[in-house]
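Trainee: To start, I am sharing the structure in question, which I have written as structure tokens.
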Amino acid sequence: MPVELESLLMESRVFDSPQAFREHATIRDANIWKESDREFEDFWARWATELSWFRKWDRVLDWKAPNARWFVGGRLNASVNCLDRHLTTPRRTKAALIWEGEPGERRTLTYWDLYRQVLRFANALKALGVKRQDRVAIYLPMVPELVVAMLACARIGAVHSVVFAGFSAEALKDRIQDSSACLLITADASYRRGRLIPLKRFADEAVAQCPSIRRVVVFKRSGMEIEFSAKRDLWWHELMRETACECPPEEMDAEDTLYILYTSGTTGKPKGIVHTTGGYLTGVTATTQWVFDLKENDVYWCTADIGWVTGHSYVVYGPLACGATVVMYEGAPDWPDRGRFWKMVEEHGVSVFYTAPTAIRSFMKWGAEWPERHDLSSLRLLGTVGEPINPEAWVWYYKAIGREQCPIVDTWWQTETGMIMITPLPGITRMKPGSVTRPFPGIRAELLNVKGERVEEGGGYLAITRPWPAMLRSIYGDHDRYVKEYWSKWKGDIYFPGDGAKRDRDGDFWILGRVDDVLNVAGHRIGTMEVESALVDHPRVAEAAVVTRPHDVKGEAIVAFVTLKEGGEHNDHLSGEIREHVAKKIGAFARPEEVIFSHDLPKTRSGKIMRRLLRDIAAGKVLGDTTTLADPVVVAELKERYEAQYGA
């Protein structure tokens with residue numbers, strides 16, 4: 001029998017939302033959890049009623065595990081819910097998107113402006129032969145046209161597949177081929193840290209191996225000179241000049257596919273996660289409204305790229321369905337300097353700010369002097385997303401950015417779940433640094449052991465034990481893989497997201513990281529999050545990642561890769577001090593065998609640490625695929641440093 005996942009690191013700090021926030025919060029009654037659990041179908045039906053439907057559903061849910069159908073028989077359109085229904089209200093002239101390009105250009109689109117652009121581009125797609133449920137690949141930088149393209153696809157019932165503009169031609173090719181997309185939308189280039197990235201060139205390389213692509217639409221972002229095929233390529237601006245501003249929406253079944261979004265798979269083949277229309281819109285609308293305590297006058301900024309699910313759910317569909325004002329930014333947080341985000345918060349009056357722990361740890365490393373230069377008093381709520389946040393990073397965020405006046409919603413969810421699943425509700429929940437606290441109302445999450453038995457307190461495996469509206473419906477073209485990957489760990493209708501977690505005596509959840517990344521040391525199974533949190537707890541450490549390598553006595557030994565705060569210098573004394581700090585926080589068995597200092601860690605373009613490559617370095621193996629890294633040079637430098645310090 002496998003050893004259970006252990007819960008070792010204790011965090012006792014607790015924070016309350018400011019009284020003024022609680023008094024004006026949308027949700028102030030803690031009975032909402034009991035009520036939504038007791039009648040969860042009615043709970044989600046009430047949220048669905050908030051949307052605009054052409055035809056109301058016959059049944060809320062058909063569930064035969066692992067296949068769900070939500071709002072059976074209902075018909076609606078996603079673009080109508082994000083645009084049309086706001087046009088008969090004062091939101092017609094409200095800013096929908098406030099966009100800032102990396103070089104500094106700014107554009108504001110009202111809901112009326114966005115509506116007109118979406119209808120024009122929807123007509124352009126129809127003129128190019130795109131039909132209902134055809135797949136359209138979108139490979140664009142963070143510009144308003146990306147939102148326009150997504151909503152235009154939704155308008156005519158086409159399925160969009162957004163590919164992050166930081167991906168290579170090879171990654172784009174794989175995703176186009178898997179979905180058999182008929183059309184690609186791209187740009188001549190994008191900006192990143194002052195450089196032009198030649199997107200059209202990458203797109204041409206990919207399309208050369210994708211016979212399903214009939215036409216390529218090109219948005220002129222920079223004016224960079226590009227190869228242009230007269231038979232295949234079309235300019236976005238020329239198409240938009242020639243189309244009408246009337247386009248009746250397709251009436252889509254609630255279970256019709258809205259989009260496919262590819263996520264990494266353990267086999268190396270990307271998985272096309274399928275999300276449908278009615279349940280997905282219901283889930284992201286509910287969570288946007290309650291998790292972010294959204295008010296009519298909020299200026300909301302989720303810093304995620306739309307190429308990731310966070311951007312789909314909490315830049316586009318959730319906020320626009322709620323009628324929010326959404327900030328979009330094209331570039332890097334440290335361009336032209338490390339105060340760019342805080343300058344934007346100040347100048348746009350951002351009130352709700354949602355970002356990743358990776359970004360927060362970078363802000364920590366750069367120092368509090370950058371946010372201190374700006375007036376951040378418009379902020380009233382902060383959020384984190386993408387991975388577990390270390391308690392010390394949480395506290396830094398709370399103090400340096402929120403000035404101890406902003407509640408933090410630390411959210412757990414996935415590409416596959418489509419919507420936030422476990423999170424504080426800021427008007428009710430007591431915040432604990434590093435804890436995602438409890439499931440969103442209507443969601444049932446559990447902690448189970450390997451036999452599927454409930455773990456009341458301690459470490460175990462996260463499980464979702466009831467269907468939810470925004471859940472994935474399949475892996476595109478491979479339903480068997482969907483069943484095997486997500487529904488086969490335990491018997492019955494239990495979804496396994498692949499994460500380890502712990503539950504404290506209050507019943508609050510703490511995410512310990514992917515079970516694939518569990519450390520097996522001297523008979524202990526430890527989540528990476530626990531050791532990394534202990535490392536970041538050291539006052540000189542900004543960021544850390546841990547892996548294991550083979551060890552003659554322990555079986556596996558912990559290797560820590562550490563980035564110091566700005567201005568910190570590393571030496572053998574500091575290495576020993578950090579190792580002892582971990583032993584004191586967790587126990588001697590968790591003391592890292594080796595500490596490697598680096599100016600950065602190998603991360604994907606979405607900011608997730610690539611522990612697989614760190615394991616290769618520690619084990620002396622040939623490095624695996626590095627094409628998805630934001631900066632491949634980092635891993636080569638780390639390998640060289642490790643071999644110099646500890647031998648190949």
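Trainee: Taking H placed 1.01 Å from N in the peptide plane, check which residues at least 5 places from Arg135 or on another chain put their amide H under 5 Å from its amide H.
Mentor: Answer set, sorted by chain and number: Val159, Cys182.
Trainee: Now, a different point. Considering the alpha-carbon set of the chain alone, what are its Rg and its Dmax in angstrom?
Mentor: 24.0, 73
Trainee: Compute the distance from the alpha-carbon center of the stretch 368-384 to that of the stretch 194-239, in whole Å.
Mentor: Value for the Cα centre distance between the two parts: 39 Å.
Trainee: Going by amide H atoms built from the backbone, whose H comes under 5 Å of the H on Ala542, apart from near neighbours?
Mentor: Here the answer is Thr563, Leu564, Lys565, since their amide H atoms fall under 5 Å of that of Ala542.
Trainee: Rg (Å, one decimal) plus Dmax (Å, integer) for the alpha carbons of the stretch 207-277?
Mentor: 17.2, 46
Trainee: If you build the Cα gyration tensor of the stretch 47-93 and take the root of 5 times each eigenvalue, what three semi-axes come out, in whole angstrom, biggest first? Let's see the in-between values first.
Mentor: Details: eigenvalues 154, 19, 13 Å².
With the √(5λ) rule applied to the stretch 47-93, the semi-axes are 28, 10, 8 Å.
Trainee: Something else about it: Given the rule -39500 (n - 2.57) for each run of at least 4 DSSP H residues, summed and divided by the residues of the chain, what is its mean residue ellipticity at 222 nm, to the nearest 500 deg cm²/dmol? Please list the in-between numbers first.
Mentor: On the way: 20 runs with 187 residues, N = 648.
-8500 deg cm²/dmol, from helical runs alone.
Trainee: Follow-up. Each residue of the stretch 189-206 in order: what ³J(HN,Hα) in whole Hz does its phi give by Karplus 6.51 cos²θ - 1.76 cosθ + 1.60, θ = phi - 60°, with x for Gly and Pro?
Mentor: Ordered by residue, 3J(HN,Hα) equals 6, 9, 9, 8, 6, x, 9, 8, 9, x, 4, 4, 5, 5, 4, 4, 4, 5 Hz.
Trainee: Would you mind checking the tilt of helix 144-156 against the longest principal axis of the Cα atoms of the chain, expressed as 0 to 90 degrees and rounded to 10?
Mentor: 60
Trainee: Still on this structure, please answer the following. Are there any trypsin sites (Lys or Arg not before Pro) in the stretch 473-537 that are in a DSSP loop and have at most 15 other Cβ atoms within 10 Å? List them by number. Display every interim value, and only then the final one.
Mentor: Values: sites: Arg473, Arg481, Lys484, Lys489, Lys491, Lys502, Arg503, Arg505, Arg514, Arg525; in loops: Arg473, Lys489, Lys491, Arg505.
In loop regions of the stretch 473-537 (DSSP not H, G, I, E or B), the sparsely surrounded trypsin sites (Lys or Arg not before Pro) are Lys491, Arg505.
Trainee: Follow-up. Ranking His348, His599, His551 by Cβ neighbours within 10 Å, fewest first, what do you get?
Mentor: The order, fewest Cβ neighbours first, is His599, His551, His348.
Trainee: Next question, about the same structure. Quick check: net charge around Thr285, other residues with Cβ under 12 Å of its Cβ, Lys/Arg +1 and Asp/Glu -1?
Mentor: Numbers: positive: Arg46, Arg85; negative: Glu50.
The answer is +1.
Trainee: Towards the positive end of the charge dipole of the chain, with charges on Cβ (+1 Lys, Arg; -1 Asp, Glu), say which of His570, His237, Trp33 has the farthest Cα.
Mentor: The residue sitting most towards the positive pole is His237.
Trainee: So, one more: Leu61's amide H: which non-local residues (gap 5+, or another chain) put their own amide H closer than 5 Å, with H modeled 1.01 Å from N in plane and none for Pro or chain starts?
Mentor: Phe71, Val72
Trainee: A further question follows. Could you work out, for the stretch 333-454, what percent of all Cα-Cα pairs fall into each 10 Å distance bin, beginning at 0 Å and stopping at the bin that holds the largest distance?
Mentor: 13, 42, 30, 11, 4, 0
Trainee: Karplus couplings for the stretch 233-247 from phi (6.51 cos²θ - 1.76 cosθ + 1.60, θ = phi - 60°), rounded to Hz, Gly and Pro as x?
Mentor: Karplus-based 3J(HN,Hα) across the stretch 233-247 equals 8, 9, 7, 4, 5, 6, 4, 5, 5, 9, 10, 7, 9, 10, 7 Hz.
Trainee: Right, next: Please compute the length gained on full extension between Lys131 and His551, using 0.36 nm multiplied by the number of residues separating them and subtracting their Cα-Cα distance.
Mentor: 145.4 nm
Trainee: For the stretch 364-420, state which trypsin sites (Lys or Arg not before Pro) are in a DSSP loop and have at most 16 other beta carbons lying within 10 Å of their beta carbon.
Mentor: Details: sites: Lys365, Arg373, Arg380, Lys399, Arg403; in loops: Arg373, Arg380, Arg403.
The qualifying sites are Arg373, Arg403.
Trainee: When N counts the residues of the stretch 518-646, how does its alpha-carbon radius of gyration compare numerically with 2.2 N^0.38 Å, as a ratio? Let's see the in-between values first.
Mentor: Working: Rg = 13.8 Å, N = 129, 2.2 N^0.38 = 13.9 Å.
Normalised by 2.2 N^0.38 Å, the Cα Rg of the stretch 518-646 equals 0.99.
Trainee: Also, I was wondering about something else. Projected onto the charge dipole of the chain (+1 at Lys/Arg Cβ, -1 at Asp/Glu Cβ, origin at the Cα centre), which of Gly279, Gly194, Cys302 gives the Cα projection farthest towards the positive end?
Mentor: Towards the positive end, the residue furthest out is Gly279.
Trainee: Can you report the principal axis dimensions of the stretch 124-268 using only the alpha carbons, biggest first, rounded to whole angstrom?
Mentor: 44, 42, 29
Trainee: Using Cα pairs closer than 8 Å and at least 6 residues apart in sequence, work out the relative contact order for the chain, in percent.
Mentor: Working: 1404 pairs, mean separation 89.7, N = 648.
Relative contact order of the chain: 14 percent.
Trainee: Quick check on the stretch 518-646: of the DSSP beta bridges with both residues there, what percent are antiparallel, nearest 5%? Mind dumping the intermediate values first?
Mentor: Values: 15 of 19 bridges.
So the antiparallel bridges amount to about 80 percent of the total.
Trainee: About the Cα centre of the chain, how large is the charge dipole given +1 on each Lys and Arg Cβ and -1 on each Asp and Glu Cβ? Please answer in debye to the nearest 20. Can you show the working numbers first?
Mentor: Working: 85 positive and 89 negative charges, 258 e Å.
Here the size comes out at about 1240 debye.
Trainee: Now for a different question. Charges only on Cβ, +1 for Lys and Arg, -1 for Asp and Glu: so what's the dipole of the stretch 47-107 about the Cα centre, in debye to the nearest 20? Each step should come with its number before you reach the end.
Mentor: Numbers: 12 positive and 7 negative charges, 66 e Å.
That gives the stretch 47-107 a dipole magnitude of about 320 debye.
Trainee: Output the 0 to 90 degree angle, nearest 10, between the alpha-carbon long axis of helix 40-49 and the longest principal axis computed from the alpha carbons of the chain.
Mentor: With rounding to tens, the tilt is 40 degrees.
Trainee: Are any of the pairs Lys126/Lys231; Lys269/Lys608; Lys271/Lys489; Lys94/Lys295; Lys200/Lys269 more than 22 Å apart by Cα-Cα distance, and if so, which? Don't jump to the answer; show the numbers that get you there.
Mentor: Numbers: Lys126/Lys231 18 Å; Lys269/Lys608 18 Å; Lys271/Lys489 19 Å; Lys94/Lys295 13 Å; Lys200/Lys269 24 Å.
Violating the 22 Å limit, Cα to Cα: Lys200/Lys269.
Trainee: Give me the extension gain from Leu196 to Lys484: residue separation times 0.36 nm, minus the current Cα-Cα distance, reported in nm with one decimal.
Mentor: Values: separation 288, 0.36 × 288 = 103.68 nm, distance 4.18 nm.
Additional length available on full extension: 99.5 nm.
Trainee: Compute the signed sum of charges (Lys and Arg +1, Asp and Glu -1) over the other residues within less than 12 Å, Cβ to Cβ, of Glu251.
Mentor: Values: positive: Arg55, Arg75, Arg132, Arg155; negative: Glu250, Asp253, Asp256.
Charge balance near Glu251 sits at +1.
Trainee: Would you calculate the separation in nanometres between label points at Arg403 and Arg540, each defined as 7 Å from the Cα along the Cα-to-beta-carbon direction?
Mentor: The answer from the label model is 3.3 nm.
Trainee: Turning to a different aspect of this structure: By how many degrees, between 0 and 90 and to the nearest 10, does the Cα long axis of helix 572-585 differ from the longest principal axis of the chain?
Mentor: 80
Trainee: Further question on the same structure: Could you run the Karplus curve 6.51 cos²θ - 1.76 cosθ + 1.60 with θ = phi - 60° over the stretch 442-449 and give me ³J(HN,Hα) per residue in whole Hz, x for Gly and Pro?
Mentor: So the Karplus estimates, Gly and Pro as x, are x, 9, 10, 10, 9, 10, 10, 8 Hz.
Quick note: the coordinates plus some simple rules give every number you see, no bench work behind them. What you are looking at is a predicted structure, and each value in this text was computed from that prediction instead of being measured. So basically every Cβ, Gly included, is an ideal-geometry build from the backbone, and we count neighbours across all protein chains shown.
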